[in-house]
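Novice: Okay, here's the structure, questions in a sec.
The values are calculated or read from the model by the stated rules, or taken from the named source; none is laboratory data. Note that the structure is a prediction, hence the values are computed from the model and not measured. We place every Cβ from the backbone using ideal geometry, glycine too, and count neighbours over all the protein chains shown.
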């Protein structure tokens, strides 16, 4: 079948299979198949227009081609159309239409559509919140191996979100997603090993192993947790310089706990020279992001005039902000 051959040649050029990667030629071969009015050609050509593969990005053309392929029952195209309606790519945003398309694709067994449908029900995006339906679709998707859904099912079991709390099952689902290299699952597994939650025996070395896996995937919480491990010698030899660098990395990514701990390092000379002004600015940044410990630490600097001018009113303001979030130290300081 020469049309199918054209389709596969397009794939070879796109992914560099047995030949040099060539986006322009991939586009041309997909176009040959799409012209024949075949769904898989229209789908792939639509992806080229959406991502700018071998052609200038054109969301409207991408949407048109997805629609053509979806009309022929192509489940990936149906799912892609749903995404277009969610973000307004080539069409006006329409959550109701997105919901309808995700529902169609989910019913046809598309695990990413099942995840998106679950997310819409959980968050109430353009629809009434329905945690039961959210969990139903997360589980359907998770059973098909969707790593994101596996993590979310684990999250629901861990915190009893719409389902009976079961930390043993939470660990099981986190582990599934972690083994698929999903960073949020990896950092969660690391935390279970660090704290020894439920049936999981404490194992600091395993905690560090999983934090490192997640950190290598760019997970800011994992980078921060690794910083704690190096600072406190948890599962690894103490190294204040390494701890400082990891806090700095997580802070630069905008992670509020990382910003707070970087401030703590500057305030106390951990892995770096003491710099009260930098500590103040970092505590202030994290406090404005709602971090209760940073709010307490900022208040303490205002109260004592540690590196800054004393300001009791500002101290009280930040102690109250922190105490209102349940911070015990701030309550005592007030």
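Novice: For segment 198-305, list the helices (runs of 4 or more DSSP H) that sit wholly inside it and hold at least 1 residues that are in the same structural domain as residue 320 (by TED's automatic domain parsing) and in contact with a helix residue (DSSP H, G or I) (Cβ under 7 Å, 6 or more places away or on another chain); which are they?
Specialist: In segment 198-305, the matching helices (runs of 4 or more DSSP H) lie at 240-252, 256-268, 276-288, 292-304.
Novice: Take residue 154 and tell me if it is assigned to a helix (DSSP H, G or I) and under 15 Å from the mean Cα position of the chain (by Cα).
Specialist: The answer is yes for residue 154.
Novice: Given 113, 128, 142, which one is more than 18 Å from residue 80 (Cβ to Cβ) and crowded, with 24+ Cβ neighbours inside 10 Å?
Specialist: Numbers: 113 fails: more than 18 Å from residue 80 (Cβ to Cβ); 128 fails: crowded, with 24+ Cβ neighbours inside 10 Å.
After ruling out the rest, the residue left standing is 142.
Novice: Let me confirm something: among 122, 175, 167, which residue is surrounded by 15 or more Cβ atoms within 10 Å (Cβ to Cβ), over 29 Å from residue 97 (Cα atoms) and under 18 Å from the mean Cα position of the chain (by Cα)?
Specialist: Sole residue among the options that is surrounded by 15 or more Cβ atoms within 10 Å (Cβ to Cβ), over 29 Å from residue 97 (Cα atoms) and under 18 Å from the mean Cα position of the chain (by Cα): 175.
Novice: Give, as residue ranges, the helices (runs of 4 or more DSSP H) completely inside segment 1-86 that count at least 2 residues that are modelled with pLDDT of 95 or more, crowded, with 16+ Cβ neighbours inside 10 Å and within 30 Å of the chain's Cα centre (by Cα). Spell out the reasoning first.
Specialist: On the way: elements: 2-15, 23-35, 39-51, 59-71.
So the answer is 39-51, 59-71.
Novice: Check segment 277-286 and report whether any residue there is farther than 25 Å from residue 208 by Cα and within 21 Å of the chain's Cα centre (by Cα).
Specialist: Yes: segment 277-286 contains one or more residues that are farther than 25 Å from residue 208 by Cα and within 21 Å of the chain's Cα centre (by Cα).
Novice: Would you say residue 136 is surrounded by fewer than 23 Cβ atoms within 10 Å (Cβ to Cβ), under 20 Å from residue 113 (Cβ atoms) and out of contact with any helix residue (DSSP H, G or I) (no Cβ under 6 Å at 6 or more places or on another chain)?
Specialist: Working: surrounded by fewer than 23 Cβ atoms within 10 Å (Cβ to Cβ): yes; under 20 Å from residue 113 (Cβ atoms): yes; out of contact with any helix residue (DSSP H, G or I) (no Cβ under 6 Å at 6 or more places or on another chain): yes.
Yes; evaluated as a whole, the condition is true for this residue.
The rows are residues; the columns are (1) free of Cβ contacts under 8 Å to residues at least 24 places away in the same chain; (2) assigned by TED's automatic domain parsing to the domain that holds residue 9.
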| residue | (1), (2) |
| --- | --- |
| 44 | no, yes |
| 56 | yes, yes |
| 65 | no, yes |
| 81 | yes, yes |
| 86 | no, yes |
| 99 | no, no |
| 106 | no, no |
